[in-house]
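Since every read-out is calculated from the coordinates, none of them should be taken as a lab result. This is a predicted model, so every value here is computed, not measured. So basically every Cβ, Gly included, is an ideal-geometry build from the backbone, and we count neighbours across all protein chains shown.
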Amino acid sequence: MIRIAAVGDLHYGAGSQGILKPGLEHLPDRADLLLLAGDLTRRGNPEEIQVLADELRGLPVPIVAVLGNHDYHCGREAEVRRALEGAGVRVLEGEGVTLNINGVRVGIAGTKGFGGGFRGAHGSDFGEPEMKAFVGHTKMLSDRLERALTRLDGVDLRIALLHYSPIEGTLEGERLEIYPFLGSYLMAEAVDSAGADLVVHGHAHHGTEKGRTPAGIPVRNVAQPLIRHAYSVYTLNGRREAQPAAAGGIS
Amino acid sequence: MSERPDYLPEHIREKLFHDPRVAEQDLKVDVKERRVLLGGNVSSLQLRHTITEVAQELLPGYEIVNETTVVPATEPGDEEPVI
């Protein structure tokens with residue numbers, strides 16, 4: 001069994017120091033892996049992420065993250081990424097990583113994702129260049145997500161880590177008018193095509209924690225203002241029997 | 001900034017979101033006569049205070065009523081078996 005801790009939308013900024021750290025104290029006893037579902041800063045300022053990076057540094061579990069829209073605001077997302085990597089966090093964007101956790105190979109594919117809406121009401125890359133760019137961005141990231149998931153060959157568990165939501169189900173509670181800015185069904189389609197055991201996302205602070213893709217894959221919205229804890233923990237049974245020796249190696 | 005009551009709350013919400021000291025998208029803003037009601041979730045008590053200060057700068061002479069909630073970040077309860 002693999003225990004996955006996950007949280008998104010921490011929105012670190014001035015005065016955030018120490019907000020998360022007390023809640024992480026017992027994480028190593030409760031989880032084998034920590035997933036961060038984007039919006040780790042308020043404005044994507046490297047000083048903001050450094051505060052969080054310092055709180056994550058040294059946690060004795062692998063940490064895998066995607067960035068969120070806030071982390072792009074200052075146009076310094078590469079620096080945000082480097083600060084996280086400097087603290088030992090693996091940051092994914094259209095990529096995958098395989099972790100060997102107690103003999104179970106856990107594959108994680110991650111992307112920020114983007115918006116557009118959901119089946120029957122999705123935007124089209126038609127008309128103005130701005131609209132083409134908007135929907136085109138979602139299509140590109142969804143394609144990359146599908147490829148990254150597919151490339152996680154030979155894993156026992158496959159997880160998709162997103163910031164934006166792939167389904168409407170975990171948006172319930174949000175205003176309908178903003179659904180197109182909260183996610184896109186294209187990411188659900190990517191996940192359902194490639195296959196996964198769990199999808200984790202953030203972004204929807206007023207949404208719902210639990211949902212499923214049309215193919216039935218569990219989706220969890222871990223936006224911190226929604227879960228109202230330092231993280232949530234989900235357990236997944238690996239397809240292989242757990243073996244005692246190897247822990248936490250990144251391949 | 002427009003003083004029209006129809007647009008003022010949205011202008012304040014947008015300015016709070018773009019202020020680097022706040023950068024909080026989740027705020028709800030309502031203006032009734034000379035009273036500004038702020039709601040929503042914030043991550044820290046310090047941010048809550050900052051929001052009041054910035055709102056006061058934006059609308060001097062208005063009463064700022066900050067009803068935002070600081071979201072706890074404590075350890076979670078039970079784990080959830082997913083599969």
Task: Most mobile listed residue (A:Leu36, A:Leu152, A:Leu236) in chain A, GNM with C-alpha springs under 10 Å - done: A:Leu236
Open item on the list: What does the C-alpha gyration tensor say about the overall shape of the range A:179-224? Classify as rounded when a/c is under 1.5, otherwise prolate if a/b is larger than b/c, or oblate.
Closed with: oblate
- [ ] May I ask you to evaluate 6.51 cos²θ - 1.76 cosθ + 1.60, the Karplus curve with θ = phi - 60°, for each residue of the range A:204-220 and list the ³J(HN,Hα) values in order in whole Hz, giving x for glycine and proline?
- [x] 9, 5, 10, x, 10, 6, 10, x, 9, 6, x, 7, x, 6, x, 10, 10
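Among the chymotrypsin sites (Phe, Trp or Tyr not before Pro) in the range A:97-189, which ones are in a DSSP loop with at most 15 other Cβ atoms within 10 Å of the Cβ? Mind listing them? Mind dumping the intermediate values first?
Working: sites: A:Phe114, A:Phe118, A:Phe126, A:Phe134, A:Tyr164, A:Phe181, A:Tyr185; in loops: A:Phe114, A:Phe118, A:Phe126, A:Tyr164.
Sites meeting the loop and neighbour criteria: A:Phe126.
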Open item on the list: Taking θ = phi - 60°, what integer Hz values does the Karplus form 6.51 cos²θ - 1.76 cosθ + 1.60 yield along the range B:22-28, in sequence order, with x for Gly and Pro?
Closed with: 10, 6, 10, 8, 7, 6, 9
Open item on the list: Please compute, for peptide A:14-27, the average count of beta-carbon atoms on other protein chains lying within 10 Å of each residue's beta-carbon.
Closed with: 4
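What are the GluC sites (Glu not before Pro) within the range A:15-54 that DSSP puts in a loop, where the Cβ has at most 15 other Cβ atoms within 10 Å? Please report the intermediate quantities before stating the final value.
Values: sites: A:Glu25, A:Glu47, A:Glu48; in loops: A:Glu25.
Qualifying residues, ordered by number: A:Glu25.
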Task: For A:Val199, distant residues with modelled amide H under 5 Å away - done: A:Ala160, A:Val219, A:Arg220
TODO: List, in order, the whole-Hz ³J(HN,Hα) value for each residue of the range A:170-186 obtained from phi through the Karplus relation with A = 6.51, B = -1.76, C = 1.60 and θ = phi - 60°; use x for Gly and Pro.
DONE: 8, 9, 4, x, 7, 6, 4, 4, 9, 3, x, 9, 9, x, 8, 5, 4
Task: Sites matching GluC sites (Glu not before Pro) across the range B:15-83 that sit in DSSP coil, with at most 16 neighbouring C-beta atoms within 10 Å - done: B:Glu33, B:Glu67, B:Glu79
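Just to confirm a number: summing +1 for Lys and Arg and -1 for Asp and Glu over residues other than A:Lys132 whose beta-carbon lies under 11 angstrom from that of A:Lys132, what do you get? Write out the running numbers ahead of the final one.
Numbers: positive: A:Lys139; negative: A:Asp125, A:Glu128, A:Glu130.
Net of charged neighbours comes to -2.
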Open item on the list: Checking the cross-link filter: which lysines have an alpha carbon closer than 23 Å to that of B:Lys32, excluding same-chain neighbours under 8 positions apart?
Closed with: B:Lys15
TODO: Would you pull out the residues with amide H under 5 Å of A:Glu95's amide H, same chain only if 5 or more places away, H placed 1.01 Å from N?
DONE: A:Gly110
